[in-house]
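Asker: Below you will find the structure I want to go over with you.
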Amino acid sequence: MGPHQLVERLRRIGPKQVLVGVLALSVLIAASAAWHWSATYDESNHLEMGRRIVQQWDFSRFDNSKMPISALNYLGHSAAWGGPEGALFGARLVQLGWLVGTALVVFFWTRSLVGPWPAVGAASMVALDPNLMAHSAVATTDAPCTFFVLLSTWLFWRALNTPSRRSWLGAGAVFG
């Protein structure tokens, strides 16, 4: 099959279906890595921050690189199965949502500028980026920070281009 035939098949499938396939592939690859990697040196501290929030409603930070978003990782950790490896995998699975969310922000932003197929290409580059996939496969704050910085930038850009009370409130809320 030549490149022209591939392009024609993709057009028949549609951009949203291709995007879903790329995101699924990205999640499968990152989840496989998340399962096979040993714990990083700071994952336990991120999970401890999450545990304090979930169990004790204690938001005090014992380390400035730990954030309340780690509570989601702890929930995945405590809901998981299969001993310590399964619990760590459960904490890491939460992170894959940030990777998908980041790719979707890129998709919607790019689609608003240049159309659906270039948006699929841009979102695919994000979803399959080795660095983003690696950081989305460990229970740290890197992936959520990436997601929220990109989302707040996009919403700020939208508020500048189509100003309204709603767009400015949305941009401010996400930035905050």
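The values are calculated or read from the model by the stated rules, or taken from the named source; none is laboratory data. Nothing here was measured: the structure is a model prediction, and the numbers come from that model. Positions of Cβ are backbone-derived with ideal geometry, glycine not excepted, and every protein chain shown enters the neighbour counts.
Asker: Of the conditions (1) farther than 25 Å from Trp37 by Cα; (2) buried (at least 18 other Cβ atoms within 10 Å of the Cβ), Ala127 clears all except one; give me its number.
Answerer: Status for Ala127: all satisfied but (1).
Asker: Could you tell me which residue of the stretch 38-83 is surrounded by the most Cβ atoms within 10 Å (Cβ to Cβ), considering only residues that are among the aliphatic types (A, V, I, L, M), without any contact (Cβ under 8 Å) to a residue 60 or more places away in the chain and in a loop (DSSP other than H, G, I, E, B)?
Answerer: So, considering only residues that are among the aliphatic types (A, V, I, L, M), without any contact (Cβ under 8 Å) to a residue 60 or more places away in the chain and in a loop (DSSP other than H, G, I, E, B), the one surrounded by the most Cβ atoms within 10 Å (Cβ to Cβ) is Ala80.
Asker: Also: Would you point out which residue out of Val7, Val27, Val20 is modelled with pLDDT under 80, aliphatic (A, V, I, L, M) and either surrounded by 13 or more Cβ atoms within 10 Å (Cβ to Cβ) or at negative phi (or both)? Write out each step before concluding.
Answerer: Details: Val27 fails: modelled with pLDDT under 80; Val20 fails: modelled with pLDDT under 80.
None of the other options fit; the residue is Val7.
Asker: Another question about this same structure. Kindly indicate which of Leu113, Leu155, Leu99, Leu93 is hydrophobic (A, V, I, L, M, F, W, C), more than 30 Å from Trp35 (Cβ to Cβ), modelled with pLDDT of 90 or more and crowded, with 20+ Cβ neighbours inside 10 Å.
Answerer: Leu155
Asker: Another question, if that's okay. Just one of the numbered conditions (1) over 26 Å from Gly21 (Cβ atoms); (2) crowded, with 22+ Cβ neighbours inside 10 Å; (3) among the aromatic types (Phe, Trp, Tyr) is not true of Phe107; which one?
Answerer: It fails just one condition, (1).
Asker: A follow-up question, please. Tell me which of these Ala137 doesn't satisfy, since it passes every other one: (1) assigned to a helix (DSSP H, G or I); (2) touching a Lys or Arg at 6+ places or on another chain (Cβ under 7 Å); (3) of a type in the set (A, V, I, L, M, F, W, C).
Answerer: (1)
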